[in-house]
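**Student:** Provided herewith is a single structure, encoded as structure tokens, for subsequent inquiry.
The values are calculated or read from the model by the stated rules, or taken from the named source; none is laboratory data. Because the structure is predicted, anything quoted here is derived from the model rather than measured. Note that we place each Cβ from the backbone using ideal geometry, even for glycine, and neighbour counts take in every protein chain shown.
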Amino acid sequence: MAKYIVKRVLAMLLTLFVVVSLTFFLVHAIPGDPLASMAKALPQQTREAYYARYGLDKPVFEQYVLYMKNLLRLDLGSSLKFAGRSVGGTIASTAPISGLVGGIALLIGTAVGVLLGILAALNKGKWPDQVIRVVAILGTTIPVFVLISLFQLFFAVKMGWLPSSGWGKPIHLVMPVMVMCIGTIATYSRYVRTSMLETLDQDYVLTARAKGLSEFKIVTRHVLRNSLMPAVTIFVSSMVGIFTGAFITEQMFSIPGIGFYYITSINQRDYTMVMGTTVFYAVLFIVMQMVLDIIYTLIDPRIRVAGGK
Amino acid sequence: MDRILNVENLQVSFHTYAGEVRAVRGVSFELGRGETLAFVGESGCGKTATAKAIMRLWKPPFVEIKSDSVVEYNGEDVMKMDKKRLQSLRGNDISMIFQDPMTSLNPTMTVGKQIMEGLQLHRGLNKAQAREEAINMLRMVKIPVPEKNVDSYPHQLSGGMRQRVMIAMALACQPSILIADEPTTALDVTIQAQVLDLLQELKTQLNTAIILVTHDLGVIANFADRVQVMYAGQVVERGTTKEIFNEAKHPYTWALLNSVPALATENKQELYALKGTPPDLILPLNHCPFAARCEYCMGICREQMPEETTLSGTHKVSCWLEHPNAPKVESFYDRRKK
Amino acid sequence: MQQIAKEKFHIIGIQEADTDVIARPHVSYWRDAWRRFRKNKLALTAFAILGVLVILCVFAPVFSPYEYETMDSSARLSGMTLQHPFGTDKLGRDIFTRVWIGGRVSLTIGLVGALVSAVIGCIYGGIAAYFGGMVDNIMMRIVEVLISVPYLIVVILMSVVLDSKSLGTMLLAMTITGWCGTARFVRAQMLQLKSAEYTLAAQALGVSPWKTVVRHFIPNTMGVIIVSVTFDIPGYIFSEAFLSYMNLGIQPPGTSWGVLVSSAQSQFQFYPNQLIFPALMIALTMLCFTLIGDGLRDALDPKDRK
């Protein structure tokens, strides 16, 4: 097992290295330099000092080595647009906000989605199944920004129940969480339904039935565990989605989360910020994938053994 | 003989896109306490469908057990049982083991827990008692180191061991009837013999009646008391094992006997392969279903269904050759003697 | 016992002609799938709606009295009228015409994006599975790396890096890692087929590798690939809308559903018609493709072929 984990961690580090390098060279391949528009007006000397400060006067490869060195010390550099604002600090202060909104939405969404999926599978072909399927498909087909517009119009403008945007009070959480839930519910209910139907078809379910177990016990003891296992996969990617998927939601509700800053920095061509955030996302994603593998080995005894060998 | 199961006119249909497939077409039989009855026939002849229908394991609406079918367990009508009674019947009075031990066990639950489930449910044991009993059952089916293997997951055991676990699970509550659906088909030949020996031993020990579903006549020779040969959802011949092996009258039974190497090659005769395939059960079939593949097919065979003729108290056959007007034909046994 | 004529008891034996009575018409895989798909009313309806949308996208702008980029200062911010069934935007452009022009772009992105990534994915996954061993190992590692960057980030990053906002750039940004999922899945499918018993049987019978691929691999993967393409299309349409919302999409005077929606979004409360129609088209298209995908999956899955 230990050997397996070491191997996984090494593979993970390699992947991270490749991803970071790729991103670095991609960002640096952008034609024109990021300071150009800003530095144009400056006198020659100041401009040089400016370039030197960000290391932009050195050859790309040297910059790369420098960036990697800093990265090892967890230093992501500082913003190109806002002097003195460090990328790492920005991430550290904005990511928890995204995590809070996304986390609540993910928990509620997963719980509701899984329940609906189970309900749909157990009533396959009957009306609860039909209704849930239609809701699920609708949930995934309406673009988020349309949904948000509709919500804001209804709950804030027409009814006046909720503030249309803003941050600071718990009530500001309600609408973003609702919006983010819908997609999660839709995804999970579809996924769980399919996986559950597949499990219900397995021979061991028949064995359980022949044993005299009630349908309820068959589902709780034999079907759920085996059909929720694949759902763990999407749970992990949606954990990353807490941060990435919320670009639009955060912007439209003016939530000062990391997604909001990511969009801002893209629009302002703040490359160190873009770069830093991307690296953050990639790390998160890769680490989560490893977590997923480990969770998998914990819940599936078949993998547990294979991994130990 | 103390009758424990009575099945009359059992009919099972599958509703498919193409139409209604009548998989079981009026099967009737009885089973005595402690008796072993074998269902023999090619795949798709309705053996498994019959077996599953006894426990009402089919789920509507795609599979329908026709309403005039009768299944009586100990005089009690299984078809009319409510959910609760049906659940207490399954596993406790009648239990079943399936063909493929690889897929019939839940991969994410230890075998011990899977055995314990039935014990806790039907016999009201607590966890510790059930575990103790599960270990005893594993010992009984000759799993090595049962105290340790009770915590094994199915994938850690070999195919033969898994089938033993299935048997332990099925017999845990000492049911009166065990339905074994092709219990050895998925196993190696040597393991097959072991599993059958074990079943035989447990059967006498626990006085369990067994319904053995198989396509292999070789398997039942030393195992079954009675045999019923099924074809296209019907019983075409039935009798004691001795009668079926030594005095069979139905050409289909002959064909089956001929395909058992040990019986067929005594005289260096070539193995006989039955031509063609069984009829599609979507057809109404109001004549002998075997007619198209029968060497001795007569005009009448293609027009009318033969009635069941009683040859002795136990031996019955449904074939037009038994009609007084039918010609005498050379049987499987006559040919073998040559 | 009833009386039966003696001549009925002549042995006639097996008549070769009827040993294999054909009870149901023998239908090919595709025929059978099509028959089942046809029975799925929901999917058929979706198919019809999609057809109508496509026809409108192709022909409506041709017959519309307005050009999609012509501004008309006399008819700015018009509501739904007979002249402008969907109203006009703040520059007085006819939204009805713009919706169908935008639809061309959005649908093109969806279809081409999904097809391109399917083709690349199939080739890549097929090669990896066919050669196996080291080649497979390296190829799959590469995919793993590419997949480990969140998709939307890649798309955003690519659009920023390429610094051009044409249709081609957007497609490139979206497909650059979009094929990875297909590649993985085609490889898995191929490996499964490679070890399937009928492949071994075919090899044992001396069937050439080329024929094995044509006869067994392609028909057996085709179904799942078609289904995955169908499910990918709405994903691309959605990504396009997303990029447009972030100002990384098609630039004026060009337009797409995503662009229309995002430009209408700020004044949604006053002119809902500007947002509703393009949004409806996006939702409708995604809904149709999802339903068709569901229908195809059910129809093409040989597991419950009866």
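**Student:** Quick check on the range B:313-338: of everything there that is in contact with an Asp or Glu (Cβ under 7 Å, 6 or more places away or on another chain) and in a loop (DSSP other than H, G, I, E, B), which residue is nearest to the other protein chains (Cβ to nearest Cβ)?
**Tutor:** Among residues in the range B:313-338 that are in contact with an Asp or Glu (Cβ under 7 Å, 6 or more places away or on another chain) and in a loop (DSSP other than H, G, I, E, B), the one nearest to the other protein chains (Cβ to nearest Cβ) is B:His315.
**Student:** Then there is this: Can you tell me which residue in the range B:235-278 is modelled with the lowest pLDDT, limited to those that are of a type in the set (Val, Ile, Thr) and surrounded by fewer than 20 Cβ atoms within 10 Å (Cβ to Cβ)?
**Tutor:** For the range B:235-278, the residue satisfying everything is B:Thr265.
**Student:** Whether any residue in the range A:225-237 is crowded, with 22+ Cβ neighbours inside 10 Å and within 11 Å of chain B (Cβ to nearest Cβ) is what I want to check.
**Tutor:** Scanning the range A:225-237 turns up at least one residue that is crowded, with 22+ Cβ neighbours inside 10 Å and within 11 Å of chain B (Cβ to nearest Cβ).
**Student:** Can you tell me which condition B:Leu121 does not meet? The list is (1) among the hydrophobic types (A, V, I, L, M, F, W, C); (2) part of a loop (DSSP other than H, G, I, E, B); (3) buried (at least 21 other Cβ atoms within 10 Å of the Cβ), and all the others hold.
**Tutor:** Every condition holds for B:Leu121 apart from (2).
**Student:** Something else: Could you say whether any residue in the range A:241-263 is at pLDDT below 80, assigned to a helix (DSSP H, G or I) and within 14 Å of chain B (Cβ to nearest Cβ)?
**Tutor:** no
**Student:** Within the range A:131-138, is there a residue that is over 30 Å from A:Leu74 (Cα atoms), among the basic types (Lys, Arg) and in a helix (DSSP H, G or I)?
**Tutor:** Within the range A:131-138, one or more residues are over 30 Å from A:Leu74 (Cα atoms), among the basic types (Lys, Arg) and in a helix (DSSP H, G or I).
**Student:** Are any residues in the range A:267-276 facing chain C (nearest Cβ under 8 Å) and within 18 Å of the chain's Cα centre (by Cα), and if so, which ones?
**Tutor:** The answer is A:Val274, and nothing else.
**Student:** May I pose another question? Quick check on B:Gly112: is it touching an Asp or Glu at 6+ places or on another chain (Cβ under 7 Å) and either more than 9 Å from chain A (Cβ to nearest Cβ) or free of Cβ contacts under 8 Å to residues at least 24 places away in the same chain (or both)?
**Tutor:** The answer is yes for B:Gly112.
**Student:** Oh, and also: Looking at the range B:140-148, can you tell me whether even one residue there is within 14 Å of chain A (Cβ to nearest Cβ), more than 24 Å from the chain's Cα centre (by Cα), in a helix (DSSP H, G or I) and surrounded by fewer than 18 Cβ atoms within 10 Å (Cβ to Cβ)?
**Tutor:** Taking every residue of the range B:140-148 in turn, none turns out to be within 14 Å of chain A (Cβ to nearest Cβ), more than 24 Å from the chain's Cα centre (by Cα), in a helix (DSSP H, G or I) and surrounded by fewer than 18 Cβ atoms within 10 Å (Cβ to Cβ).
**Student:** Moving to a separate point now. Please pick out the residue among B:Ser95, B:Ser28 that is within 29 Å of B:Gln200 (Cβ to Cβ), within 11 Å of chain A (Cβ to nearest Cβ) and assigned to a strand (DSSP E or B).
**Tutor:** B:Ser95
**Student:** Can you work out which of the residues in the range C:264-280 that are touching a residue at least 40 places away in the same chain (Cβ under 8 Å) and aromatic (Phe, Trp, Tyr) is nearest to A:Val146 (Cα to Cα)?
**Tutor:** C:Phe277
**Student:** Identify the single condition in (1) of a type in the set (A, V, I, L, M, F, W, C); (2) in contact (Cβ under 8 Å) with a residue 24 or more places away in the chain; (3) more than 7 Å from chain A (Cβ to nearest Cβ); (4) touching a strand residue (DSSP E or B) at 6+ places or on another chain (Cβ under 9 Å) that B:Met79 does not satisfy, given that it satisfies every other one.
**Tutor:** Failing condition for B:Met79: (2).
**Student:** When you scan the range A:213-228, do you find a residue that is under 18 Å from the mean Cα position of the chain (by Cα), modelled with pLDDT under 85 and closer than 20 Å to A:Ile108 by Cα, even just one?
**Tutor:** no
**Student:** For the range A:187-203, name all the residues that are touching a Ser or Thr at 6+ places or on another chain (Cβ under 6 Å) and surrounded by fewer than 23 Cβ atoms within 10 Å (Cβ to Cβ).
**Tutor:** Of everything in the range A:187-203, those that are touching a Ser or Thr at 6+ places or on another chain (Cβ under 6 Å) and surrounded by fewer than 23 Cβ atoms within 10 Å (Cβ to Cβ) turn out to be A:Ser195, A:Thr199, A:Asp203.
**Student:** Taking the residues in the range B:215-234 that are β-branched (Val, Ile, Thr) and surrounded by fewer than 24 Cβ atoms within 10 Å (Cβ to Cβ) as candidates, determine which candidate is nearest to B:Gly26 (Cα to Cα).
**Tutor:** Of everything passing the filter in the range B:215-234, B:Ile220 is nearest to B:Gly26 (Cα to Cα).
**Student:** Among the residues of the range A:121-128, is there at least one that is closer than 30 Å to A:His222 by Cα and crowded, with 17+ Cβ neighbours inside 10 Å?
**Tutor:** Yes, the range A:121-128 contains a residue that is closer than 30 Å to A:His222 by Cα and crowded, with 17+ Cβ neighbours inside 10 Å.
**Student:** Taking the range A:59-98, which residues are in a helix (DSSP H, G or I), of a type in the set (Gly, Ala, Ser) and farther than 20 Å from A:Ile255 by Cβ?
**Tutor:** Of everything in the range A:59-98, just one residue is in a helix (DSSP H, G or I), of a type in the set (Gly, Ala, Ser) and farther than 20 Å from A:Ile255 by Cβ, namely A:Gly88.
**Student:** Right, next: Enumerate the helices (runs of 4 or more DSSP H) found wholly within the range C:149-257, keeping only those where 3 or more residues are more than 14 Å from every other protein chain (Cβ to nearest Cβ) and crowded, with 23+ Cβ neighbours inside 10 Å.
**Tutor:** C:167-194
**Student:** Additional query: If you scan the range C:263-285, which residues turn out to be more than 7 Å from chain A (Cβ to nearest Cβ) and surrounded by 22 or more Cβ atoms within 10 Å (Cβ to Cβ)?
**Tutor:** Across the range C:263-285, the qualifying residues are C:Ala264, C:Gln274, C:Phe277, C:Pro278, C:Met281, C:Thr285.
**Student:** Let me ask you something else. For the range B:121-152, name all the residues that are of a type in the set (Gly, Ala, Ser) and either outside the structural domain of B:Leu105 (by TED's automatic domain parsing) or more than 13 Å from B:Cys173 (Cβ to Cβ) (or both).
**Tutor:** B:Ala128, B:Ser152
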